[in-house]
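The values are calculated or read from the model by the stated rules, or taken from the named source; none is laboratory data. Quick caveat, the model's predicted, so the values are computed rather than measured. Cβ atoms come from the backbone with ideal geometry, glycine included; neighbour counts cover every protein chain shown.
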Amino acid sequence: MSAKPKQVLDYEGILIGSVERTSTSETRVYLRESRKGNKYIEIRRWIHLERYDGPDKKGIGIYPREAKGVIELIEKALEEVEKGKGVEGEVSAPFEGGV
């Protein structure tokens, strides 16, 4: 039995950049357009495996009008993590970066 060919998805959009998560995955930021012509920012995990190379189901689309508010919230969350706050508000080890 021969090996299944590697699947690669045709993913439309403008790749803005990516951040490595692990040796087999990264987080990518795209500028995309919906079928109705609305532009949006998509943040999606991208998987690199022998049998599959493409996006997984984990991601989010953000309209440009929301982006600054979402960025502010992410910055607030990072501040809390850096203060050593855990999910329940308890103090945990300070954030060292990475996941």
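Filter segment 1-48 for residues that are of a type in the set (A, V, I, L, M, F, W, C), assigned to a strand (DSSP E or B) and loosely packed, with under 13 Cβ neighbours inside 10 Å; which is modelled with the highest pLDDT?
Looking at the filtered set, the residue picked out is V19.
Which of the residues belonging to segment 12-27 are more than 18 Å from Y63 (Cβ to Cβ) and either touching a Leu at 6+ places or on another chain (Cβ under 8 Å) or charged (D, E, K, R) (or both)?
E20, R21, T24, E26
E75 fails exactly one of the following numbered conditions: (1) among the acidic types (D, E); (2) over 19 Å from I14 (Cα atoms); (3) surrounded by 12 or more Cβ atoms within 10 Å (Cβ to Cβ); (4) modelled with pLDDT of 90 or more. What is the number of that condition?
Result: E75 passes all but (3).
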